[in-house]
Amino acid sequence: MSTLRALNGTYRTLDGIVKYIASNEEHNDLVLAYDAVGADPFRATRDMLLVKAAYNKRGGNEYVQIIVSLMEAEIICQDDVARFQSASRAIADMMFNKYCCQIAYAVHGNTDNLHAHFVINSVRYVDGYKLQLGKKELFQLKTIVSDILNQYGFSRLLYYSADENLEN
């Protein structure tokens with residue numbers, strides 16, 4: 001089963017997490033893909049901070065991080081890696097459209113299982129509201145991501161119920 005974890009943006013600064021997911025040095029030269037939706041991938045932090053500044057929303061959580069991981073056995077050849085990169089782009093596009101927030105994302109191959117990090121700006125670019133991922137929304141997100149993974153030939157997500165909380 002694939003997994004999805006959601007983390008509040010308290011571990012690193014927005015700039016720190018974007019640099020982390022894009023850093024080949026941090027990931028043994030195994031950042032297999034890096035891009036952004038709604039922002040210049042090479043200036044994602046700047047673009048996200050500009051949205052925050054425009055709505056005077058610089059406090060609190062700067063981002064939400066979503067990590068989607070595959071089972072080790074699901075990646076056998078380079079075609080599987082390419083399919084996961086495509087699935088990751090589809091997930092990023094879906095979240096951009098659903099939440100109206102800029103997203104930077106990367107696919108990493110530095111662990112036993114291929115995984116993708118999605119850094120979502122906590123401020124919506126259309127109205128300045130802060131992104132809220134409660135129990136119900138997280139369950140819906142897992143259902144949609146599970147369907148996308150399945151469309152690309154990967155296992156569905158392992159998830160439990162709508163009673164799960166966003167991790168701190």
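The values are calculated or read from the model by the stated rules, or taken from the named source; none is laboratory data. If you're wondering where the values come from, they're calculated on a predicted model, not measured in any experiment. Note that we place each Cβ from the backbone using ideal geometry, even for glycine, and neighbour counts take in every protein chain shown. Note: areas computed on protein heavy atoms with side chains; ligands, DNA, RNA excluded. Shrake-Rupley method; radii C 1.70, N 1.55, O 1.52, S 1.80 Å.
Miscellaneous remarks
- For the stretch 113-157, residues that are under 20 Å from GLN78 (Cα atoms) and within 15 Å of the chain's Cα centre (by Cα) total 6.
- All of TYR63, TYR129, TYR105, TYR99 fail the test of being within 15 Å of ARG5 (Cα to Cα) and without any contact (Cβ under 8 Å) to a residue 60 or more places away in the chain, apart from TYR63.
- When LEU114 is tested against (1) closer than 26 Å to ALA33 by Cα; (2) out of contact with any Phe, Trp or Tyr (no Cβ under 6 Å at 6 or more places or on another chain); (3) modelled with pLDDT under 95, only condition (2) is not met.
- Filtering the stretch 108-158 to residues that are surrounded by fewer than 22 Cβ atoms within 10 Å (Cβ to Cβ) and among the β-branched types (Val, Ile, Thr) leaves THR111, VAL126, THR143, ILE144, ILE148.
- Qualifying position, being of a type in the set (Lys, Arg) and over 14 Å from the mean Cα position of the chain (by Cα), among ARG46, ARG5: ARG46
- When the residues of the stretch 26-46 are filtered to those that are open to solvent by 80 Å² or more (accessible area, probe 1.4 Å) and of a type in the set (D, E, K, R), the one that is farthest from THR13 (Cα to Cα) is ASP29.
- Number of residues in the stretch 45-69 that are over 20 Å from SER86 (Cα atoms) and either hydrophobic (A, V, I, L, M, F, W, C) or in contact with a Gly (Cβ under 7 Å, 6 or more places away or on another chain) (or both): the value is 12.
- Scanning the stretch 126-156 for residues that are among the polar types (S, T, N, Q) and farther than 21 Å from CYS101 by Cβ turns up ASN150, GLN151, SER155.
- Members of the stretch 47-68 found to be surrounded by 13 or more Cβ atoms within 10 Å (Cβ to Cβ) and either farther than 19 Å from ASN113 by Cβ or of a type in the set (Ser, Thr, Tyr) (or both), listed by number: ASP47, MET48, LEU49, LEU50, VAL51, LYS52, TYR55, LYS57, ASN61, GLU62, TYR63, VAL64
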